[in-house]
Amino acid sequence: MTTSAPPSRPRKKRSVAPKHETIVRAFKFAMDVPEAKSGQMFEACATLCEVRNEIAAMLAKQRQVSRDHKAAGEPPVPWLTKGDLFKFVSSARKDNQKLDLLHSHLAQNVCVRVLESTERWMEALAEGRKDVRPPRMRDPKKYRSFTFQQYGNGCRIENHRVFLSGFGWFRLHDHRKIRGRPQTITIKFTEGRWWCILTVSIAERDWFGQKPVDDRRPDTGADPGLSSLLTNSHGDVYDPPRALKEQLANLRKVQRAMARKFRAKEAAHEAAKEVAKAAGVKAVPLREVPHSNRLKKQIRKVAKIHTKVDRVRDYHHKKIASVERSRSRRIAVEEHGLQFMIRNRRLARSASDRAIGGLKQCLGSAFGSDYFPTPNQRPGIGGNSQTCLCGASVPKELSERVHHCGVCGLEAPRDVVSANIVQAIAFGTVSEELVAHYPAGGQPVVTRGETEAASGESRAARKRKRPLEVPLKRAVSLATPATKNGNTAGAKATAAGKTPRNRKRQTKRPTLPGEPKPHASTTGEAHPL
């Protein structure tokens, strides 16, 4: 008896979600590592550092050979590629038993790190910067991290635990929900303990959320500095406590005690050298002599204070970025080098305590594509802090905190004026709060310079710039004419063309009779130039 096959149901048409720009974010969680496993991780770091030093020596030798060939007029030597270094690491695993016990991705990541540092050095040479050097030999005691390049291949996170191939399972303090698609896992020793750093790839719109249709928040310009950490174009001043300055007295006290214990260790080593010399035996180098328990305890005290300073500073940076994100639609931050402050012996400690670079990184992470690095000068006019909105030169000393312009009559705090110049360069507007500082009947006259193109941007600033999300496909809608195959490529995007999941209905409330008009600072409007 034959049975007929059941009637087949028509397959549901697969819907293609729009493709958006993705970003990479990192989650940092503390780990509970036993002492035995910690020693095993330190040995792995030392083994990987040896491989790194061998690769760095190979690249240095290759650069020297290439220079010799160029001087002799001979053809250049082909550079080592990632595949060549992977083959070298694969052959090294056969001779090195410690390296063979580690996951293959750990050694491959060492090759990637060396090649990336070489690429940064070559970019610095092309830009004429001399503060970047090629990869050199590293001290194994300072090499304290390793990376699994593919999540799920030798590493994974399950039930508040992390699995590392070759090391086992470890408890993870994952205090935040992981969002996005996991990419890599990096294990790093810092601040006296091991940390798990998970990188994920996530769509930009999923991370930052969908932007409101009628966003009334204003555009903002920001000027970072040392007297106040950040001043925006609307007059808001952020001056968090200086964490290093507050802990400086305690830090000096514990560091003096640590220095005395180091001098006692050196004196004991000198005495041991004399005894070994008299016996005709070679003495152990000072760096290989283990620390005493008292010295280890004192080092931990110093590290705790530095950790506290770093965490307090990081907390305030993230708080400022969060507040500005909630108040502003877009932000433009003055982009300038920071090393000149560090090289100044009078400003070095204050600049390090402020950590302006860390603040910019937090602002860029909070705003995403709405973060605009802006040059610190207008072409053909001069620096933002030494000129006026109208383009007139207003030279000031660092101690002068008020801006007086004899041409247009503007009198306002110098940081607020600089922030408005940054806003004018980036967005072509100035804040309404600045208009109140002009004389009666005065209006801002802004000169934007010969060109609006940003110049002198750093590598980090160029890396933060991302294109806006561009959907490749959208669902067919009545308002959008469809092509033959049902796609809407080239048509204008409409709200009706999005799926209900991605569509957010928002209606603008009409202004009631007799109701005052919203202020410009809350509607997102700014004074036009």
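The values are calculated or read from the model by the stated rules, or taken from the named source; none is laboratory data. Since this is a predicted model, take the numbers as computed values, not measurements. With ideal geometry, Cβ positions are generated from the backbone for all residues, glycine too; neighbour counts draw on all protein chains shown.
Look through 372, 427 and report the one residue that is in the same structural domain as residue 224 (by TED's automatic domain parsing) and either surrounded by fewer than 22 Cβ atoms within 10 Å (Cβ to Cβ) or closer than 28 Å to residue 312 by Cβ (or both). Only one candidate qualifies: 427.
For segment 341-356, how many residues meet the condition of being under 19 Å from residue 228 (Cα atoms) and without any contact (Cβ under 8 Å) to a residue 60 or more places away in the chain?
5
Looking across segment 216-240 at every residue that is among the polar types (S, T, N, Q) and under 15 Å from residue 316 (Cα atoms), the one that is surrounded by the most Cβ atoms within 10 Å (Cβ to Cβ) is identified as 231. Given the condition surrounded by 16 or more Cβ atoms within 10 Å (Cβ to Cβ) and among the polar types (S, T, N, Q), answer yes or no: does some residue in segment 332-345 qualify? For segment 332-345, residues surrounded by 16 or more Cβ atoms within 10 Å (Cβ to Cβ) and among the polar types (S, T, N, Q): absent.
Scanning segment 147-177 for residues that are aromatic (Phe, Trp, Tyr) and free of Cβ contacts under 8 Å to residues at least 40 places away in the same chain, we see that the one that is surrounded by the fewest Cβ atoms within 10 Å (Cβ to Cβ) is 169. The set of residues from segment 274-330 being farther than 30 Å from residue 194 by Cβ, surrounded by 14 or more Cβ atoms within 10 Å (Cβ to Cβ) and not assigned by TED's automatic domain parsing to the domain that holds residue 239 comprises just one member, 283. For segment 90-137, the tally of residues that are over 30 Å from residue 340 (Cα atoms), touching a Leu at 6+ places or on another chain (Cβ under 9 Å) and among the hydrophobic types (A, V, I, L, M, F, W, C) stands at 8. Among the residues of segment 262-280, are any part of a loop (DSSP other than H, G, I, E, B), more than 26 Å from the chain's Cα centre (by Cα) and free of Cβ contacts under 8 Å to residues at least 12 places away in the same chain? Yes, there is a match, as at least one residue in segment 262-280 is part of a loop (DSSP other than H, G, I, E, B), more than 26 Å from the chain's Cα centre (by Cα) and free of Cβ contacts under 8 Å to residues at least 12 places away in the same chain. Consider segment 174-224 and keep the residues that are in a loop (DSSP other than H, G, I, E, B) and among the small types (Gly, Ala, Ser). The one that is modelled with the lowest pLDDT is 209.
For residue 211, the criteria (1) in contact (Cβ under 8 Å) with a residue 24 or more places away in the chain; (2) farther than 30 Å from residue 44 by Cα hold in every case but one, which is (1). Residues of segment 378-419 that are touching a residue at least 40 places away in the same chain (Cβ under 8 Å) and not in a helix (DSSP H, G or I): 378, 379, 380, 381, 389, 390, 391, 401, 413.
I want to confirm something. Restricting to segment 3-48 and keeping residues that are β-branched (Val, Ile, Thr) and part of a strand (DSSP E or B), which single residue is modelled with the lowest pLDDT? Among them, the one singled out is 22.
Scanning segment 62-118 for residues being of a type outside the set (D, E, K, R) and over 24 Å from residue 153 (Cβ atoms) gives a total of 16.
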